[in-house]
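Remarks on the structure that follows.
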Amino acid sequence: MMRLAVSLYICVLVSVSLRAQQPVAPPQSGNALPGVRTGAQIFEAACATCHARDGRGTPQPATGFDVPIRDFTDCTASAEPSPDWFAVVHEGGPVRALDRHMPAFGEALTADDIEKVVDHLRTFCAEREAWPIGDLNFPRAFFTEKAFPENETVLTTSVSTKGDKAIGNELVYEHRLGARNQLEVIVPIDFQQQANGQSWLKGIGDLAFALRRTFLASASSGTVAAAGAEMILPTGNVDRGLGNGHTVIEPFAMWGQALPRDSYFQMHGGIEIPIDGDATKEAYLRTAIGTTFAQDRGFGRAWSPQVEVLWARPFGEQSEWDVVPQLQVSLSKLQHVLLAGGVRVPLTQREERHPQVLVYFLWDWFDGGLFSFWK
Ligand code: HEC
């Protein structure tokens, strides 16, 4: 089993390093406006008619479009990853299900020009030191939490493949507060099959709340780091196998690092400290490595394979190791609705711990309605 885990890890490492050797995408296209120009000059010449010189967007009556144009001085726009903006400028609005009045500049501007003008869009946010850039928002793994502050709702379902039949569901609601803080509410909803094999017990497990702050976000080095704490309340009915009956405080920290060619490494460690009763503390460290491929010349649907390696150690007991190969895919055109599937494979204590199949459904509600921006 250890060998399977190691080969999976190596597979992902190899695909990450192979991608690192690919030529710089995308290819240079036509250059209708020759000469060396700054991002600001390109913006004035090609974009300002609609987006306005100050980046706030030309008022609707003047453009004649039905859609309001994004105000780039609103720093929440910083959460958009540059490749998404590159795609919109290169291919036009419809590539992300945005308005068709946003023209495609793939013929008129070189890749270099588009990068410059996208960099220029970033300068409209007056507090850009405070607002982490969306390029540091790496794909979400099942267990290794992200350091980037998010606005999303995630429903994760896990099913054990052996032993007692149980389906675990976890609803996580994440809400960004200002530039760098995030509030999180976690609601576990469990289903346990009863001994008679007929009926299922269901109920809410231990509710949890977490606060975190992204204290480091460096676009130049591709590094993002956060720290915070979670509080788990014993709201579940222990007699029915829901929850663990303790209040737990869990300080944690996470770190993410961009690697060449859309690859990344993420790490998340913490300690679970029960503050009542005599339950044991537990330390954990979770790591994830992955890469992203996009279809349609790099502008379309995004696929992110990743592998997590999980370590946990209840104080005074043996370490538990798991490996979690998984794949995330974007469903909506705007890429604000995502699906992921994976398997958690225990490497230790395999008599009592069984593999679990995992699925999550993620909706970045800040970007748009659940049913908007699909085509
Ligand atoms: C003819 C008007 C027009 C021109 C010219 C134009 N845009 Fe746009 N742009 C739009 C419209 C309309 C939208 C989409 C608004 C929507 O659907 O939310 C848009 C959307 C965008 C977005 C996506 C913003 C988001 O919601 O994340 C980016 C990035 C962008 N434009 C950049 C540029 C750049 C850079 C240029 C110049 C090279 C440019 N635009 C030129 C009209 C224009």
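The values are calculated or read from the model by the stated rules, or taken from the named source; none is laboratory data. A quick note: this is a predicted structure, and the numbers were derived from the prediction, not measured. Counting neighbours? That spans all protein chains shown, and the Cβs are built from the backbone with ideal geometry, glycine included.
I'm checking my understanding of the structure. Among residues of segment 78-106 that are part of a loop (DSSP other than H, G, I, E, B) and near the ligand (Cβ under 7 Å from one of its atoms), which one is nearest to the chain's Cα centre (by Cα)?
Filtering segment 78-106 for residues that are part of a loop (DSSP other than H, G, I, E, B) and near the ligand (Cβ under 7 Å from one of its atoms), the one nearest to the chain's Cα centre (by Cα) comes out as GLU80.
Being on the phi < 0 side of the Ramachandran plot, at pLDDT 95 or above, assigned by TED's automatic domain parsing to the domain that holds GLU174 and out of contact with any Ser or Thr (no Cβ under 9 Å at 6 or more places or on another chain) narrows it down to one of PHE265, PHE252, so name that one.
PHE252
So if I check each of ARG70, ARG53, which one is near the ligand (Cβ under 9 Å from one of its atoms), without any contact (Cβ under 8 Å) to a residue 40 or more places away in the chain and of a type in the set (D, E, K, R)?
Of ARG70, ARG53, the one residue that is near the ligand (Cβ under 9 Å from one of its atoms), without any contact (Cβ under 8 Å) to a residue 40 or more places away in the chain and of a type in the set (D, E, K, R) is ARG70.
With respect to LEU109, is the statement that it is within 8 Å of the ligand (Cβ to nearest atom) and over 14 Å from CYS47 (Cα atoms) true?
Spelling it out, it is not the case that LEU109 is within 8 Å of the ligand (Cβ to nearest atom) and over 14 Å from CYS47 (Cα atoms).
Check GLN356, GLN306 and return the single one that is surrounded by 15 or more Cβ atoms within 10 Å (Cβ to Cβ), in contact (Cβ under 8 Å) with a residue 12 or more places away in the chain, in contact with a Lys or Arg (Cβ under 9 Å, 6 or more places away or on another chain) and not β-branched (Val, Ile, Thr).
One residue alone meets the criteria, GLN356.
Can you pull out the residues in segment 116-134 that are surrounded by fewer than 21 Cβ atoms within 10 Å (Cβ to Cβ), in a loop (DSSP other than H, G, I, E, B) and not hydrophobic (A, V, I, L, M, F, W, C)?
Scanning segment 116-134 gives THR123, GLU127, ARG128, GLU129.
Which members of segment 154-177 meet the condition of being touching a residue at least 40 places away in the same chain (Cβ under 8 Å) and under 20 Å from PRO132 (Cβ atoms)?
Correct list: VAL154, ARG176.
Checking SER82 against (1) among the small types (Gly, Ala, Ser); (2) buried (at least 18 other Cβ atoms within 10 Å of the Cβ); (3) in contact with a helix residue (DSSP H, G or I) (Cβ under 7 Å, 6 or more places away or on another chain); (4) closer than 22 Å to LEU338 by Cβ, which test does it fail?
Looking at each condition in turn, SER82 falls short on (2).
Every residue in segment 264-302 that is within 21 Å of the chain's Cα centre (by Cα) and assigned to a loop (DSSP other than H, G, I, E, B), please.
Correct list: THR292, PHE299, GLY300, ARG301.
Among the candidates ILE133, ILE42, single out the residue that is closer than 23 Å to LYS333 by Cβ and of a type in the set (Val, Ile, Thr).
Going through ILE133, ILE42 in turn, just one is closer than 23 Å to LYS333 by Cβ and of a type in the set (Val, Ile, Thr): ILE133.
If I filter segment 310-319 for residues that are assigned by TED's automatic domain parsing to the domain that holds LEU136, in contact (Cβ under 8 Å) with a residue 40 or more places away in the chain and buried (at least 19 other Cβ atoms within 10 Å of the Cβ), do I get at least one hit?
yes
Could you please let me know if VAL323 is in a strand (DSSP E or B), surrounded by fewer than 16 Cβ atoms within 10 Å (Cβ to Cβ), at pLDDT 95 or above and under 23 Å from the mean Cα position of the chain (by Cα)?
Criteria not met by VAL323.
Can you pull out the residues in segment 227-244 that are of a type in the set (Asp, Glu) and buried (at least 18 other Cβ atoms within 10 Å of the Cβ)?
The answer is GLU230, and nothing else.
Taking segment 208-263 as the region of interest, how many residues are part of a loop (DSSP other than H, G, I, E, B) and not charged (D, E, K, R)?
17
Please find, among ASP190, ASP113, the residue that is in a strand (DSSP E or B) and crowded, with 21+ Cβ neighbours inside 10 Å.
It is ASP190.
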